[in-house]
1. Given the residues 322, 302, which is the only one that is touching a residue at least 12 places away in the same chain (Cβ under 8 Å), small (Gly, Ala, Ser), part of a loop (DSSP other than H, G, I, E, B) and loosely packed, with under 15 Cβ neighbours inside 10 Å?
2. All but one of (1) acidic (Asp, Glu); (2) surrounded by fewer than 16 Cβ atoms within 10 Å (Cβ to Cβ); (3) at pLDDT 95 or above hold for residue 104; state the number of the condition that does not hold.
3. Would you confirm whether any residue within the stretch 163-178 is crowded, with 19+ Cβ neighbours inside 10 Å and under 19 Å from the mean Cα position of the chain (by Cα)?
4. Being outside the structural domain of residue 143 (by TED's automatic domain parsing) and over 24 Å from the mean Cα position of the chain (by Cα) narrows it down to one of 374, 454, so name that one.
5. Just to check your reading of the model, which residue among 428, 395 is over 30 Å from residue 212 (Cβ atoms) and not assigned by TED's automatic domain parsing to the domain that holds residue 247?
6. Only residues that are in contact with a His (Cβ under 9 Å, 6 or more places away or on another chain) and surrounded by 18 or more Cβ atoms within 10 Å (Cβ to Cβ): list them for the stretch 360-369, please.
7. In the stretch 248-298, which residue that is at pLDDT below 90 and crowded, with 18+ Cβ neighbours inside 10 Å is farthest from the chain's Cα centre (by Cα)?
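The values are calculated or read from the model by the stated rules, or taken from the named source; none is laboratory data. All figures in this text were calculated on a predicted structure; none of them were measured in a lab. Ideal geometry is used to build each Cβ from the backbone, glycine not excepted, and the neighbour counts take in all protein chains shown.
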Amino acid sequence: MERIGPELVIGLVSPVGMDTSDLAGKVQGILADCDYTAVNIKLSGLLPTEPAPAGESEDQRIRRLIRAGNQFCRDNNEDPASIARLAVAAVRAQRIALYRSDGDTRPAAEILPGRPRTAYILQSLKRREEVQLLREVYGNQFVLVGSQSSVAERTENLMQRNLSASDPAGKRQIVEELIGVDADDREPFGQNVIDTYPQADFFVRNNDRGEINRIVGLLFGEPVEPTIGEYAMYVARASRARSLAASRKVGAAIVVGDAVVATGYNDVPYGQTPDVQQGVDTSERFKRDNLRDTVQRLKSAGLLAEGLEGDGVDQAAAALKGGELMSVIEYQRAVHAEARAIDDATVRGVSPAQGTLYVTTYPCHLCYKHALSVRLSRVEYIEPYPKSRAVRMFSEGAEDRLKPFAGVAPRRYIGIFDDRPAFMSDASGIFPKHDRRVAQPLIGAQRQDEDIAVLERTAMSGLNEEFH
């Protein structure tokens with residue numbers, strides 16, 4: 001039987017502390033059940049790296065690979081998408097190798113994308129620009145899968161590895177630093193999982209095989225309905241679009257039983273003019289006012305060196321940028337999405353008690369305490385939010401209550417559940433059994449093989465010659 005089905009490029013994104021090789025292996029095995037030949041490409045193995053020193057600890061290994069990735073981007077035209085370009089070159093090389101194993105003897109330049117029912121798994125992506133480039137090249141044939149567990153679980157996982165410190169306090173400090181660098185490396189061209197992970201098309205928790213099997217089945221058109229959580233997160237994402245917040249937009253939805261009973265988005269209270277319309281970001285203004293007061297008090301007490309320009313606020317603000325002091329959120333005029341959803345339930349006369357809050361971004365400590373106060377039993381989120389102090393301030397039960405979202409991402413909800421072909425019975429009223437081995441993936445419009453070949457060559461041209 002002729003194998004019919006488009007090539008797929010499947011990117012994986014996970015924060016440090018997750019076993020991406022385990023995730024890749026499970027995806028590869030489940031794709032085999034769909035009669036797809038899946039090739040795993042470990043991107044860190046393609047990078048030129050420093051030699052591993054004798055007795056290298058796990059944190060030293062991770063930092064060495066992070067440095068290698070940053071340096072590769074710097075050396076290749078200072079392009080944060082450079083590793084994705086390297087991935088494109090690897091996909092092309094693997095494709096040619098597969099065709100050679102099929103007995104194809106054509107010159108490599110004549111071999112086009114389009115080997116039937118073949119997937120290339122990219123382990124793993126760390127920058128939003130990498131995802132953007134791969135979508136530009138492969139269009140809908142690029143699928144991004146995200147997997148994560150809670151920070152506490154990942155911390156414990158890393159603590160069990162061979163680290164360069166042996167005492168618990170030292171090991172914990174190393175782990176916290178690794179998680180921070182992986183999430184948002186402040187180095188030029190550094191990785192940024194915080195912004196990359198939310199771009200996924202599908203999410204799973206803890207590399208759960210059952211969840212991976214379900215999303216692959218959905219990708220191949222299995223007749224499965226959305227969970228209430230998938231629907232609620234889609235509604236939360238739609239609610240987010242109502243926000244005129246000057247910074248991060250957030251949407252939320254509360255589910256009680258099997259129904260969405262309230263929604264919310266972050267913006268100013270009813271009857272107030274949004275910051276962007278009134279032209280002033282009051283949060284930034286108040287933070288600068290506080291900083292001016294602090295600098296003046298320190299100067300008056302003789303605790304600051306001479307040489308500050310003017311009132312010293314500009315210099316102090318530059319020095320403290322990104323720090324805890326200038327990251328406070330208490331002065332935002334916007335009602336946060338979670339709080340607005342709770343308010344919405346109150347106005348409607350619906351109790352949110354024992355319900356689940358679905359929110360596009362991990363809740364801040366201010367919202368989480370309200371979620372506890374109204375007795376919400378669970379909070380599911382997609383985007384990380386490092387500023388949150390939710391767990392540090394309210395640790396009891398947090399690991400059972402705060403969970404990463406799993407399922408179809410809002411960006412793919414319509415394509416997977418609504419745009420799929422109608423399920424039709426035959427003349428006798430019998431529905432044919434779904435067969436993954438011949439089913440086609442629900443990816444919408446596909447690019448011509450010739451067009452992908454051109455885009456691949458264009459992407460690779462952004463690399464130094466030795467990596468083509």
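1. From the options 322, 302, the qualifying one is 322.
2. It fails just one condition, (3).
3. Checking the stretch 163-178: at least one residue is crowded, with 19+ Cβ neighbours inside 10 Å and under 19 Å from the mean Cα position of the chain (by Cα).
4. 374
5. 428
6. Listed by number, the residues that qualify are 363, 364, 367.
7. Only one residue fits best here, namely 295.
Residue by residue, here is whether (1) part of a loop (DSSP other than H, G, I, E, B); (2) in contact with a Gly (Cβ under 9 Å, 6 or more places away or on another chain) holds:
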| residue | (1), (2) |
| --- | --- |
| 422 | yes, no |
| 431 | yes, no |
| 437 | yes, no |
| 440 | yes, yes |
| 454 | no, no |
| 462 | yes, no |
